[in-house]
Amino acid sequence: MHKMKTGIIGCGNISGIYFKNLKESPLVEVVACTDLVPDRAQARAEEFDIANVYAVEEMLARPEIELIINPTVPASHANVDIAALEAGKHVYSEKPLAVTLEEGERVLELAERKGLRCGCAPDTFLGSGVQTAKRAIESGLIGRPIAATAFNMGLGPEAWHRNPEFFYAPGGGPMMDMGPYFLAAMVELLGPASRVSASANIQVPDRTVGSGPNCGKPITVQTPTHLAGTVDFENGAILTMIASFDIFGGSALPCMEIYGTKGTLSLDDPNYFNGGVKIRRIGSESWEMLEPVFECGRNERGLGINDMVKAIAERRDHRANARMGYHVLEIMQSFEQSSLEGRHVVLKSTYRYGKPPSFAAGRDNQWDVPIIAASTQS
């Protein structure tokens, strides 16, 4: 199997770990990069010995480039995905899949129509932490899962990020920024969600840039910075979740816990690939640390890309799938919708790995792989 030639569009903060990890990939070869700020792309190319720095249009026109990686800012994710798909490229985007559900639907529909693969971060749920918890649940160690908690509570990134304004624009905020890690993990562990009920507000509207050349510049907050609610899953489990940029004194709440009829699982931060998983069994007064199902580093970003490329060759579904990204996006969007409308929001999408068996035609190329379509329920 040859390495898939790949281009990266967007050379900001998060791109560095993709360049670094994919340098060691046996499946992907990054041959080009680009950025709206040409000097930023040139710096990445020099840092990681990338052969070509192109304009976006030139990269998309290169026939040898088969895959585009899209770590741009959230508001650009859907447009870059669509441009890559229109150019006949597979694409893998940073999270969230899109800023709106309408944009996400366009991405999914275009990928299906073109017979191309579309992946979406996070891929942290493929790491040893979540997969160890999944093995424990599937083995019946905690019985039937009936409830869960997910808490991501702290201050926003304006103190350290040099250009933090997009975190407070539509498509930003604590839910859209960090929610994908928690909710992708929960969907992996509990299956698809069915409805959301929540409250959301801008609790601290006055923010300023804390570092870099714009230090001291005020930030206009345009999206909720504290969201709290519940997510019902199709299997009956109920998740209680808080996502906040407004916690000034820190929090002692656990990152994630899964509660079953025979015990409880406690997981570390799902923003990382590894991390311990503890179990407290029914009748026990102490926690036990579970042996990880495999060894994994703290930051293995790119696992989802490697899996997608391998899945193309193996003619199977890929794990960090845009269909999952869309389902997570709908859950996140429903927090604000529920708060604004004062009601439960019943989700229209669902997601299960490898299902349903609905396929697009597939391209007539060396991969020649059908693509599993988006699934929705009315």
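The values are calculated or read from the model by the stated rules, or taken from the named source; none is laboratory data. What you see is a predicted model; the values in this text were computed from it and never measured. Cβ placement follows ideal geometry from the backbone for every residue including glycine, while neighbour counts extend to all protein chains displayed. Heavy atoms of the whole protein, side chains included, go into the accessibility calculation; ligands, DNA and RNA do not. Shrake-Rupley method; radii C 1.70, N 1.55, O 1.52, S 1.80 Å.
With the full set of protein chains in place, find how many percent of the accessible area of the chain is carbon and sulfur; take the probe as 1.4 Å.
So the carbon and sulfur contribution to the accessible surface is 50 percent.
Here is the link list: 20/89; 5/95; 310/348; 89/114; 89/310. Which ones come out longer than 20 Å on Cα distance?
Violating the 20 Å Cα-Cα cut-off are 20/89; 5/95; 310/348.
Using every pair of alpha-carbon atoms in the range 54-191, split the distances into 5 Å bins beginning at 0 and state the percent of pairs per bin, rounded to integers.
All Cα pairs considered, the percentages come to 2, 9, 16, 17, 16, 15, 12, 8, 4, 1, 0.
Among 301-307, 322-328, 22-28, what's the highest-first ranking by average C-beta atoms within 10 angstrom per residue?
322-328, 301-307, 22-28
Would you calculate, for the chain, the mean residue ellipticity at 222 nm contributed by helices, counting each DSSP H stretch of 4 or more residues as -39,500 (n - 2.57) and dividing by all residues, to the nearest 500?
Estimated from H runs of four or more residues: -9500 deg cm²/dmol.
Taking all protein chains together and a probe of 1.4 Å, list 294, 125 from the most accessible to the least accessible.
294, 125
log₁₀ I(q)/I(0) of the range 79-151 at q = 0.12, 0.17, 0.22 Å⁻¹, via Debye over equal Cα point scatterers, no solvent, to two decimals?
After summing over all Cα pairs, the log10 values are -0.51, -0.75, -0.90.
Probe 1.4 Å, all protein chains in place: accessible area of residue 155 in Å², nearest 10?
100 Å²
If packing is taken as the mean number of other Cβ atoms within 10 Å per residue, what is the order of 164-171, 3-10, highest first?
3-10, 164-171
Accessible area per residue, 1.4 Å probe, Å², for the chain: what's the number?
It amounts to 43 Å² per residue over the chain.
Residue-wise, which Karplus ³J(HN,Hα) couplings in Hz belong to the range 136-145, taking 6.51 cos²θ - 1.76 cosθ + 1.60, θ = phi - 60°, and x for glycine or proline?
Whole-Hz 3J(HN,Hα) from phi for the range 136-145: 5, 5, 5, 7, x, 5, 10, x, 7, x.
Could you derive backbone 3J(HN,Hα) for the range 223-233 from the dihedral phi with the Karplus parameters 6.51, -1.76 and 1.60 (θ = phi - 60°), listing whole Hz in sequence and x where the residue is Gly or Pro?
Running phi through 6.51 cos²θ - 1.76 cosθ + 1.60 with θ = phi - 60° gives 8, x, 10, 9, 10, 9, x, 10, 10, 8, 9 Hz.
Scan around residue 263 for amide H atoms under 5 Å from its own, H built in the peptide plane at 1.01 Å from N, and keep only partners 5 or more places away or cross-chain.
The list, which skips near neighbours in sequence, is 282.
Which value, to two decimals, describes the C-alpha radius of gyration of the chain once divided by 2.2 N^0.38 Å?
The chain yields a ratio of 0.97.
So how much accessible area does residue 19 have, in Å² to the nearest 10, using a 1.4 Å probe?
Approximately 0 Å² for this residue.
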